[in-house]
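Accompanying notes for the structure given below.
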Amino acid sequence: MTSPFRAPEGGRIDRAGTVEFTFDGQVLTGHPGDTLASALLANGRHQVATSIKLGRPRGIAAAWAEDPGGLVQIEEPFPEPMLLATTVELHDGLAAHGLPGQGRLADVPDSARYDAVHHHVDVLVVGAGPAGLAAALTAARAGARVALVDEQSEAGGSLLSGTERLDDAPALDWAADAVAELAGSPEVLHLQRTTAFGSYDDGFVLALERRTDHLGAAAPKHVSRQRVWRIRARSIVLATGAHERPVVFADNDRPGIMLAGAARTFLHRYGVLPGREAVVFTTNDSAYDAALDLRRAGVRVQAVVDARPEGSPRREECEHAGIRVLSGAVVTGTQGVERVTHALVAPFADGAVGPSSAIACDLLLVSGGWNPAVHLFSQARGRLRYDEVLGAFLPGEALDGLTVTGSAAGVFDLAGCLADGQRGARAALTALAIAPAGEDRLPATPDPVVPTAPLVLWRVPDTSGADGSTSFVDLQRDATVADIARAVGAGLRSIEHIKRYTTIGTAHDQGKTSGVLTSGIVAELLGIPVQATGTTTFRPPYTPVAFAALAGRDRGRLFDPERVTALHEWHVAAGAVFEDVGQWKRPRYYPQPGEDMQTAVLRECAAARTGVGILDGSTLGKIDVQGPDAAVLLDRLYTNLISSLKVGSVRYGVMCGVDGMVIDDGTVLRLAEDRFLVLTTTGGAAKILDWMEEWAQTEWPDLRVHCTSVTEQWVTFPVVGPRSRDVVGAVFPGVDVSNEAFPFMTWRDTTLDGVPVRLARISFSGELAFEVYVNPWYAVAVWQRLLDAGRPYGITPYGTETMHVLRAEKGYPIVGQDTDGTVSPHDLGMAWAVSKKKPDFVGKRSFARPANADPLRKQLVGLLPVDRETVLPEGSQVIDFLADGQLPPPPVPMLGHVTSSYRSAELARPFALALVKGGRERIGDTVHVPVNGTLVPVEVTGSVLVDPEGARRDG
Amino acid sequence: MQLIACPWCGPREEVEFSYGGQAHVPYPDSPAELSDEEWAHYVFFRDNPKGRFAERWNHSAGCRRWFNAIRDTTTYRFERVYRLDDPKRGGTELASSRKEGTAP
Ligand SMILES: [Zn+2]
């Protein structure tokens, strides 16, 4: 089936193949090699959508990523919003519809894979047009490690859109030879469909490869859909080409109005006639090619309207082909609704516009010159300079390790681009001290036609009597010359402010066609040079990149590492409910059938307080500190004295920052004179190791001490409760577990069937408890032995929730939950853990600040709701009544807040820990906690609510 | 993303490093002898120059060693890196750098 606007021949599409797709519900066909845009145009369809604010019909206005018009929503094969019809490759089953500027994200999970690859090269060449191919060949021939990336489906760049010849043959033959040569070079990575979208420091470039998008449903599932290439290049050659720039005039947004170069692309690359009757409006010579090529393909070219009074030397060529050339004329406006029907053409001299007459057309091609694609150069912090002749911004300085070549550097003729690409690559090689190859010939080009200077024309004065309110600068944002005039009238001078005021350049195309126009129009309105206006900042990404691609494989379970203990499978089988503690998966509680969390936790707590419980405490941070000066280091970092600890003993310690505030707590086992095992909180493990390293390396490099994490080398099982001695004694008959032989805060090494085991009498619950340490390989076996031995006593595995209740009942704080970086050991009631003997330790000097002696500092206390029923939400504020029992007027002063709050089996009532101003002085008082709009009276108590005498720890 | 030259590992990706603030602010010899104000200057006060700055860096996802660097805060560029035991310490070259943590 032939589409009505398909040229009879030409193009790089596969005419033998047919692709069926759906657009706006209509089934259409195209050919393999089409884009959605070229297939729509081949079917005579220019309009894609209506505009976001004004609802004006909008269509395909360019042929690639610079298109401000043809936004589509993809529905099949997978919903994806805000793509350009010009960059979507056609495939069977593609379903899309036009978008008025806003799309819809998929509401189903994306099952496609995305990944990332790191790559290191000597020379990265961005762009596989004439300059880029020449550069890549030069670098490859010299034996350099090269990456060549290009965003199109095939190499060739501008050659794909034209009829140029090299070495007396079609230029694309040369391009094909170049690609083949690169493919034969083992050190070359050549990627098409790959957009370099970000350029960063030290030669770091991010590129997005679209690997299977063009295959549609046929995409193999095992291949990632898109890949982010993280390329580190010693040297970069940018050959990113140029974007054609429109000229602004009234009603310049109608479907059927497109860039002149885009029409050539649609014709030569896709074999599509974008219209039947064309008017070409230009300020430079390049659009003459479009006029002549379309004419040859059978399009009636009604007129070439050249704004330059002297026109172009190519006038004769046109007239010979039967094309009328109107020099010194401009398009002042258009007619038509869903498609342009007439161009209004008027004489133009010295900035003045004469009376206009309408010329019928269904295609109005526009060229206002070319903007070098300097985005990546600018992202790498290269300064731009305005070129008066081109009316464009060019790289304005040399950057180390980055060379801009070809039309990206303002070189627009084919011979010049080839030579410039080669020059750029040679400069890169020289900088890398890589000798260029002896044989590095460039293809022969026909003698170039000397072009006439372009006219820099940003906009045609509005003659319609309007105020520029239909002269669109940024079609996607519906922003017009009138909007810019309003911004300038409001006093805005900076191009960055005007961008934000008008929203120009903030749409998906990021101002590829509108940015420089805006600079020019602003300069004109302000009467200042364009150089002084400058451009807005170019930021990555150059083209939109899906979050899914940026996330790559770091999503779902791979978003963050999951750490599990050696017992994880056992916990799962036991029906544990897990909670995330940092990266760890920890059992929170083990519900039995019919139990909710509250019931399960009350049961687990009661078991530990009255019988025996067992916890998987393997996530506890463990740091092995070794060396003759190990004790010195720990003395300087802990608030209490560690050096006096005897081998075989354990001491609780607190660490503070230099500001004197608690950063971690835990126990220290002295393993030998020169060796300690430091136990940190689960969350503090990495931080405290870093803290020790920092001090040891930066302040006390003279200390002979080494610290290493052994968290994963030991599993830890606290066996807790009055019957724990029976259980541990039964499993380790060789150990005298009596209180006399194995007192509180000591440790013993033993073996179990030849496996080394360490036992420690440490309690985080206040109960008699033994911590069992063993190599993780034996975790399950030892755990099982303990369970078996505990069965007669009803041994009960418990999770972190019960652990928290048990420790809170004893007033043991959790650093980071009951403290927040403003809490000193004294505030926690731990003055006993602060050495008075040591001359100094980290944090000591800060304790002497007057603020630390303020009696109104917040102190850790217990709270008992008087109603014996309310579980105070953690984080609740604590407030005080006035002496007369009235609530103070708002804002009600806050005394502090609830830090931990649980239901207690032991107390048979809920309780809480809180940081309260002058809390210890308030013990016995009643304060109030607002809960869901009511004030709950609570009694202030000491922080130790269970066994304050400590009678239970020895069983 | 910059490459930072670890003195032990050579140039590595910026994400492997963590920042440690101003270099050459040593822990005072005798904190107890300092006034509250002098102590506060050690704990809280750091320079914030525009231009060259001596900084501490840690190759935290690599060799885990601390080192010093001279970096330009306006361009972010590293001028050089040096080991903590480098006798040519950057602090002696930077007029703005504090020699002791004690003087405000
Ligand atoms: Zn390193």
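For the pairing of chain A with chain B, what total accessible surface becomes buried, with a 1.4 angstrom probe, in square angstrom to the nearest 100?
Values: alone 38620 and 6640 Å², together 43090 Å².
Chains A and B together bury approximately 2200 Å².
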Are there residues in the stretch A:685-711 whose accessible area shrinks by at least 30 Å² when all protein chains are included rather than the chain by itself, and which are they (probe 1.4 Å, ligands and nucleic acids not counted)?
A:ASP690, A:GLU694, A:GLN697, A:THR698, A:GLU699
Taking the chain alone as reference and the full protein assembly as comparison, with a 1.4 Å probe on protein heavy atoms only, the residues of the stretch B:41-73 that lose at least 30 Å² of accessible area are B:VAL43, B:ARG56, B:ARG64, B:TRP66
Hey, what's the protein assembly as shown come to in accessible area per residue, 1.4 Å probe, Å²?
41 Å²
For the stretch A:25-152, percent of DSSP beta bridges that are antiparallel (nearest 5) comes out at 75 percent
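With each run of n ≥ 4 DSSP H residues scored as -39500 (n - 2.57), what mean residue ellipticity at 222 nm is computed for the protein assembly as shown after dividing by its residue count and rounding to the nearest 500 deg cm²/dmol? Don't jump to the answer; show the numbers that get you there.
Working: 22 runs with 206 residues, N = 1059.
Result for the protein assembly as shown: -5500 deg cm²/dmol, rounded to the nearest 500.
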Hey, which lysines would be in cross-link range of A:LYS838, C-alpha to C-alpha under 24 Å, not counting anything within fewer than 8 residues on its own chain?
A:LYS646
Would you please state which residues of the stretch A:233-257 a label at A:GLU338 would reach in this model, taking the label point 7 Å out along Cα→Cβ and a backbone N cut-off of under 17 Å?
A:254-257
FRET efficiency for A:LEU215 and A:LEU525 from the Cβ-Cβ distance with R0 = 45 Å, rounded to 0.05, comes out at 0.40
Quick one: pull the percentage of alpha-carbon pairs in chain A with a separation above 39 Å.
58 percent
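What full-extension length gain, to one decimal in nm, is calculated for A:ASP14 and A:GLN102 as 0.36 nm per residue of separation minus the Cα-Cα distance? Display every interim value, and only then the final one.
Numbers: separation 88, 0.36 × 88 = 31.68 nm, distance 3.31 nm.
Difference between extended and current length: 28.4 nm.
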Sites matching GluC sites (Glu not before Pro) across the stretch A:912-955 that sit in DSSP coil, with at most 11 neighbouring C-beta atoms within 10 Å:
A:GLU949
So which lysines can A:LYS585 reach, going by Cα to Cα under 28 Å and dropping same-chain residues fewer than 8 places off?
A:LYS622, A:LYS687, A:LYS810
Length-normalised contact order of chain A, Cα under 8 Å, at least 6 apart, in percent, tallies to 9 percent
Does any residue of the stretch B:1-25 lose at least 20 Å² of accessible area with all protein chains in place compared with its chain alone, and if so which ones (probe 1.4 Å)?
B:MET1, B:GLN2, B:LEU3, B:GLU13
Just for the Cα atoms in the stretch A:566-660, what are the lengths along the principal axes, largest first, rounded to whole Å?
54, 31, 30
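Under 1.5 on a/c is rounded, so check that first for the stretch A:621-709, then, if it is not, pick prolate when a/b is larger than b/c and oblate when it is not; a ≥ b ≥ c are the square roots of the alpha carbon gyration tensor eigenvalues.
Details: a/c = 1.38, a/b = 1.10, b/c = 1.25.
Rounded is the answer for the stretch A:621-709, as its axis ratio a/c remains below 1.5.
Loop-only check: which chymotrypsin sites (Phe, Trp or Tyr not before Pro) in the stretch A:538-619 are DSSP coil with at most 16 other Cβ within 10 angstrom? Could you put the intermediate results ahead of the total?
Details: sites: A:PHE538, A:TYR542, A:PHE547, A:PHE559, A:TRP570, A:PHE578, A:TRP584, A:TYR589; in loops: A:PHE538, A:TYR542, A:PHE559.
Those that pass, being in a loop and sparsely packed, are A:PHE559.
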Can you give me the distance in nm between label points at B:PHE44 and B:ASP29, each placed 7 Å from the Cα along the Cα-to-Cβ direction?
2.7 nm
Which whole-number percent gives the relative contact order of the stretch A:1-107, counting Cα pairs below 8 Å spaced six or more residues apart?
28 percent
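Over the protein assembly as shown, what percent of the accessible surface lies on carbon and sulfur atoms, probe 1.4 Å? The partial results should precede the final answer.
Details: 22860 of 43090 Å².
The value for the protein assembly as shown is 53 percent carbon and sulfur by accessible area.
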Selection of trypsin sites (Lys or Arg not before Pro), the stretch A:793-882, meeting DSSP coil and at most 10 other Cβ within 10 Å
A:LYS836, A:LYS837
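How would you classify the stretch A:247-364 from its alpha-carbon gyration tensor, with a ≥ b ≥ c the square roots of the eigenvalues: rounded for a/c under 1.5, else prolate if a/b is greater than b/c, otherwise oblate? Please report the intermediate quantities before stating the final value.
On the way: a/c = 1.81, a/b = 1.15, b/c = 1.57.
Verdict is oblate for the stretch A:247-364.
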How much of the DSSP beta bridge set in the protein assembly as shown is antiparallel, as a percent to the nearest 5?
75 percent
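The values are calculated or read from the model by the stated rules, or taken from the named source; none is laboratory data. Just so you know, these numbers come straight off a predicted model, no measurement behind them. Cβ atoms come from the backbone with ideal geometry, glycine included; neighbour counts cover every protein chain shown. Side chains included, ligands, DNA and RNA excluded: accessible areas come from the protein's heavy atoms. Shrake-Rupley method; radii C 1.70, N 1.55, O 1.52, S 1.80 Å.
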